[in-house]
Structures are given as structure tokens and as C-alpha cells.
Amino acid sequence: APEQGRERRDEPRAPEPAPHEPESEWERLFALVGSDSAAALDQANRLMQTSEAEDRELRAVAGIAAVAVGEHEQAFRHLSRTLVDATALPSGLLEAAERAYVAVALALIEADCRPGPPLIDIEALRAAIFRELVDDDGFADEAIGSREARDLLDLLVTDRALPRVSRELSDYCRIAQLLSMARGGTRLAAERVAAVLREGSLAPEAAALGILLFANTCMQAPCASDWLLAWPVSEDQAPVSDGAWLVELALAVLPQVPTELAAHAVLGVLASIASGPAEQASLAQRRELVALIPAGWPNRMHAEFLAVFRLAASGERIQVEKQFPGYLKRIGASHLESSAAHLTEVYLAGSAVSGSAVKPIADGPYIESLIRWGITEPQAQVLDLLDLLAEGSKPDNTLNALGMLVEDGGFVGADRFSRQQRKMVYERALAESVRMGHDDDAREAFDRLVRELRDEGADAELRELCARELHGMKKLRMPALVVLLGALLEAGQPISEELRLAIETGPRGGTGDEDENAMHEVLGLGEVYPQLIEEFRKLVPGAGEGEAEPAPDFGGRRVVVVGGHRWLRKVAQPALEAWNLRVEWFDPEQSKGNQVIDAARGTSD
């Protein structure tokens, strides 16, 4: 038996199970958060109060539990303190703590800044900032610039845990902080935004939002919608005098951000530098910025306009028709009250520069703007720009078109022109038509100027004009002679020399062409001034004998005439009445309602 017992004692025994390690307090409470967050928070706080050493895990659990029960300020204190240096936290606890930290930061921002939709994630905060910068619709106006919002955002931005937990959230909080300062009326807001942007520490999307915020502060507007289509201010009021750094930053970060954000930020850059020195951005840089905006984007045209606004005013060679067509479209769509000063700059700087914007503007956009919007000041908006129009591809056509619009009242404000101002337009159209050597345009301009001088009763000016053109362009010599003869006959002055010139230089053919029937037109004045026929017969003995036709007799029929210039009516009505016509002559501005129609419909033949 002893031997058997000895054998049993010597037999190997099964190992005893290792004693179970007791669960740590933070693990127990971490597990409890899922079922009873309030209890977990209470117990964690109690344990931390009695603990002599810092227990990071326990504090992390307390922060997570506090988020779950809505104790956001307490949660932030615990998590901020824990996550400054979280290298010692177990991975599962660390991930949960970081998620809770982001959640509590967003909850605090939502409470004090009051965005529209809830801040369910970081992307929602980015979207709220973007809406606020573009349309003033991301946060409640009374909240985003409040002291509470600024204090909270200051706290978040200075918290050392935030950039370690989420660089993205940290950057957006920085932009939100600057936004709150700007809305709160903080002095030098633009300088503060610029300082942050120039640090180069923001990620691309946050930097793009910062660029847009910078543009808003420069324009002294709450959002981009308030300045988006505004005409640039004068150079001495430029919001940015040295924006080269802004251009370089934009070109570095904007290609990396979503299209819509990039497009708005590009507009912000271009608007900021539009009226400042041209040296802020090269032509190549401006093209590169515009290229970041899709061709079909609604405000692409305005971006092209802003891109070359200052370059055009500096006389730089720019292929605006091909590279920046939006510039010309915007000129044509803008009131001359806004654009006239810029157009004057463009002409003064670029009139002698081949490839400047002067000719493209003269070839269309100016007249477009005039017809669309009219004018308020003839001198600044029309007369000061005649030199610019003369630089166009077809200055005679353009200036005659302008003359026709002025004469016919074809745009709002045409009635603001004085007689002297109208004559300046007509004279310039005539001068450019003669310079270009275009017969039809010259005749049109000459006739318009003659009508104006006759209406004004400026006989001396009329005779001076005709005397000058007698020795000028061939196409105008005979018309000038005819008008001069009429003016002399009207004034009762001798016509012998002028009539002799007509006989010597004017062919008397009968081909039907106006030029070939010039003498027919001269002799036609005899219907009104019989003394012309007498003088003609003195110079050409026997002329017209046996060829005279009796004056027509219309048997007292009634004719209605509308319009015409005063001189025409003065000389024509007596002739018509001499032909036994009853004449009722209406001035267009005196016609009311259906008066003319009724007259023609009544007894008119």
C-alpha cells in the first residue's frame, strides 16, 4: 500500500487553471456605456475623484459616456485632456474616444453657431460654411457672429487635441472661427484671414473656403452673392493691392478641390485682384484660373471679364475674342454708366497697341450696351468714347449706326443730347466715312448732318460744310453743291458761281443713276425756287426751251404726310399746294392715338 501510494504521488498531475485576472474598472465601465451611459459616467467620475494618479483610460470612458448622455461640455473637458497624448490608450478605446470627441465638437458648434441642417458629420460643417460664404445661408445670422460662437471656436482652435484627432475638423473650425470674427465686426478681419491663408497650413478644401472668405471680407460683403456680378471698383479703391500670393495659393490648392467650390474660389480671387495692379497676376496665370471653371458654369462669363479687366485697362495685348469672350459679353451687357470710365481707360492705354481690347469693344459690345441700357450722360458715355469707336474695324459703319440711333431716338437717353452734341456725333461719322473712302457711308453721314443743320437753322454752318465738301470726296461734291444752292436760294443770295460749278462738273445724263442725274437734281430746285431756272438759262442760253412741262394739277385731292424735317416741310408743302393738292402734314411727336390713321382713313386720296 505504501508503495502504491508512493506511485500515485509520483504520477504527473494536470496543471491547475491560472487564476482569472480581475476586469479593470475602465473596461467594466466602457462595457457599461452601451447599456447605461449615465451610470458609467457617474461611476467614472467618482473613481477619478478618489484616484491619486491620472487614469487616462477612465477619463476617456467618462468622456465617451458624457457624449452619450448629452453632457457636451463635460465630455469635451475629459476628451480634450485625454486625447492630447493618446499613445497609451488601447486601440479600441482610442477609436471610440476620437469618434466621441468629433461628435461633441460638432454638437458644441451646432449649439452656439446654429447651422441650418444638423451637423451630423464633418462634411455637414464644411457644407454649412460653404453655404454661408456663398449665399449667407449656412448659419443663423445672430448666432455665427455672436460672442458665444467666437468663444467656442477660439476654444476649439486652440485645443491641442483637435488637430491630432482630425486635421479636417481642425481646419474647418479655423475657417469658422475667422468667419465668426468677420461677422462679429472684428477689426482687420481681412488681414487675419490673409495671415492664416499665407501660413499654408490649411488642407486644400479648407484653403478654398478661406479664399472665398477673404474675398467676402475684401468686398465688405457677408457672402459671394452680394458681390458676384458687381462692377469692379476704381483702382484707388482696390480691395487688394498685392494679391500675387493669393493667386499662387489658388493655383496650388484649387485644382485639388471639388468643382463648385473651386469655381467660387476662383471668382473670389479674380474679383479681389480685378481692379488692383495688373502685375498681381500674369496673363498665363489668369488663363489658368479661368480654366478651373467649367465652360457651362453660369458665371464663367463674369470670371473671364474679371480676369482681364485690369489688363485691358493697361493696354496689354489680349486675344479677348478667343481667350476671354466673356469680357466682351459683359461689356455689352453692362450699363455705360458703369463701364464708361473703364472703356476710356482701355482706349487711352490701348489705342496705339495692336491686339489690345479697343477694337473688339468698338466692333460690337459698345453699341449693344447703348441699345440695351441707354445712357444718362452723353458726354462721358458717348462723346468721350467716339475716339474708341473710331478704332474699330469699320468705324464708318459703327459711327453711322450711332448717328442713326441718336437721330431716331433709338435708345433711352437719346433726348439728352444737345444740338451741339448731336452734331459732334454726326461730324465724326462723316469724317471717319471720308477717311475710310466709303461712298455710301459718307453720303449717309453727310445727309444726316445736313438734316441737323437745317433743323437748327444753322445756315452759315450748312454753307460752310457744303463749301468744304465741294472740294472733298467725289461722292459728296454734287450733293454738297445741291444743298449749297438751296441754302443760298433760301437766303436770297447770289448763286451764279455755284450754278456755274454745277454746270461744269455735273453730268446731265439720263441713265437713272443718281450720280448720272446730278443736274436733274439741281434743276429740280426750280420747282421751289424759279429764279434758279432763270439763272441757269443765263448761263446756258436756250436751255430748256420747248421742253418745259406744265405744272401737274391733282384736282384738289387730299394727301396726308407724316414726319420729315422742318426744312423739308417748309419747301415741299407750298410746291404740293401749287400742284392743287390739299395737304395735311403731321409731326410724329404731335400725333396722338389714331389721329393719323383716322385722317388717312377719312377723306385722304
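The values are calculated or read from the model by the stated rules, or taken from the named source; none is laboratory data. What you see is a predicted model, and the numbers here were worked out from it, not measured in a lab. Here the Cβ positions follow ideal geometry from the backbone for every residue, glycine too, while neighbour counts run over all protein chains shown. Just so you know, the surface numbers come from the protein's heavy atoms only, side chains and all, with ligands and any DNA or RNA stripped out. Shrake-Rupley method; radii C 1.70, N 1.55, O 1.52, S 1.80 Å.
Summed over the stretch 424-479, residues that are open to solvent by less than 60 Å² (accessible area, probe 1.4 Å) and assigned to a loop (DSSP other than H, G, I, E, B) total 6. Given the conditions (1) in contact (Cβ under 8 Å) with a residue 24 or more places away in the chain; (2) within 30 Å of HIS335 (Cβ to Cβ), which single one is not true for GLY486? Unmet condition: (2).
Of all residues in the stretch 221-233, exactly one satisfies the criterion of being open to solvent by less than 30 Å² (accessible area, probe 1.4 Å) and assigned to a helix (DSSP H, G or I), namely ALA224.
Pairs linking a residue in the stretch 542-557 that is modelled with pLDDT under 85 to a residue that is in a loop (DSSP other than H, G, I, E, B) and open to solvent by less than 70 Å² (accessible area, probe 1.4 Å), with Cβ atoms under 8 Å and 6 or more positions apart or on different chains, are ALA551/TRP579. Give the stretch 193-206 a look and list any residue that's within 16 Å of ASP154 (Cβ to Cβ) and out of contact with any helix residue (DSSP H, G or I) (no Cβ under 6 Å at 6 or more places or on another chain), or say none. Within the stretch 193-206, ALA195, VAL196 qualify. Within the stretch 149-184, being part of a loop (DSSP other than H, G, I, E, B) and either in contact (Cβ under 8 Å) with a residue 40 or more places away in the chain or surrounded by 17 or more Cβ atoms within 10 Å (Cβ to Cβ) (or both) holds for ASP159, ARG160, SER166.
Scanning the stretch 381-397 for residues that are open to solvent by 20 Å² or more (accessible area, probe 1.4 Å), out of contact with any Ser or Thr (no Cβ under 8 Å at 6 or more places or on another chain) and under 22 Å from GLY315 (Cα atoms) yields SER393, LYS394. Taking the stretch 234-343 and the helices (runs of 4 or more DSSP H) fully enclosed by it, the elements with 1 or more residues that are open to solvent by 10 Å² or more (accessible area, probe 1.4 Å) and over 30 Å from LEU383 (Cβ atoms) are at 244-253, 259-273, 283-291, 300-313, 320-323.
Within the stretch 187-203, if we keep just the residues that are open to solvent by less than 40 Å² (accessible area, probe 1.4 Å) and more than 27 Å from the chain's Cα centre (by Cα), the residue that is nearest to GLN256 (Cα to Cα) turns out to be ALA203. Within the stretch 274-303, the set of residues being within 20 Å of SER334 (Cα to Cα) and in contact (Cβ under 8 Å) with a residue 24 or more places away in the chain comprises ALA274, SER275, TRP297, ASN299, ARG300, MET301, HIS302, ALA303. In the condition set (1) in a loop (DSSP other than H, G, I, E, B); (2) within 37 Å of the chain's Cα centre (by Cα), THR87 is compliant with all but (2). The listed residues are LEU93, LEU108, LEU83, and the only one of them that is in contact with a His (Cβ under 8 Å, 6 or more places away or on another chain) and in contact (Cβ under 8 Å) with a residue 12 or more places away in the chain turns out to be LEU108. Here ARG9, ARG77, ARG99 are screened, and the one residue that is at pLDDT below 95 and part of a helix (DSSP H, G or I) is ARG9. For the stretch 390-410, residues that are part of a loop (DSSP other than H, G, I, E, B) and either within 11 Å of ALA445 (Cβ to Cβ) or touching a Lys or Arg at 6+ places or on another chain (Cβ under 8 Å) (or both) total 4. The selection criterion, being open to solvent by less than 20 Å² (accessible area, probe 1.4 Å), outside any helix (DSSP H, G or I) and closer than 25 Å to GLN74 by Cβ, holds for LEU119. Restricting attention to the stretch 480-503 and to residues that are touching a Gly at 6+ places or on another chain (Cβ under 9 Å) and open to solvent by less than 10 Å² (accessible area, probe 1.4 Å), the residue that is nearest to LEU449 (Cα to Cα) turns out to be ALA480. Considering ALA39, ALA105, the condition of being over 30 Å from CYS223 (Cβ atoms), not charged (D, E, K, R) and not in a loop (DSSP other than H, G, I, E, B) is satisfied by ALA39 alone. Is there a residue being closer than 23 Å to PRO204 by Cα and either in contact with a Lys or Arg (Cβ under 6 Å, 6 or more places away or on another chain) or of a type in the set (D, E, K, R) (or both) anywhere in the stretch 101-120? No, that holds for no residue. Sub-6 Å Cβ pairs linking a first residue in the stretch 435-459 that is under 16 Å from MET473 (Cα atoms) to a second residue that is outside any helix (DSSP H, G or I) and open to solvent by less than 40 Å² (accessible area, probe 1.4 Å), at least 6 apart or interchain, are ALA442/MET473, ordered by first then second residue.
Quick grid of which residues meet (1) in contact with a Gly (Cβ under 7 Å, 6 or more places away or on another chain); (2) open to solvent by 30 Å² or more (accessible area, probe 1.4 Å):
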position: GLN43; (1), (2): no, yes
position: GLU73; (1), (2): no, yes
position: GLY92; (1), (2): no, yes
position: ALA105; (1), (2): no, no
position: ILE129; (1), (2): yes, no
position: VAL134; (1), (2): no, no
position: ASP141; (1), (2): no, yes
position: GLY145; (1), (2): yes, no
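Evaluation of GLY355 against the conditions (1) under 26 Å from ASP236 (Cα atoms); (2) out of contact with any Leu (no Cβ under 8 Å at 6 or more places or on another chain); (3) assigned to a loop (DSSP other than H, G, I, E, B) shows that the sole unmet condition is (1). Scanning the stretch 358-369 for residues that are in a helix (DSSP H, G or I), closer than 19 Å to GLU304 by Cα and open to solvent by less than 40 Å² (accessible area, probe 1.4 Å) yields a count of 7.
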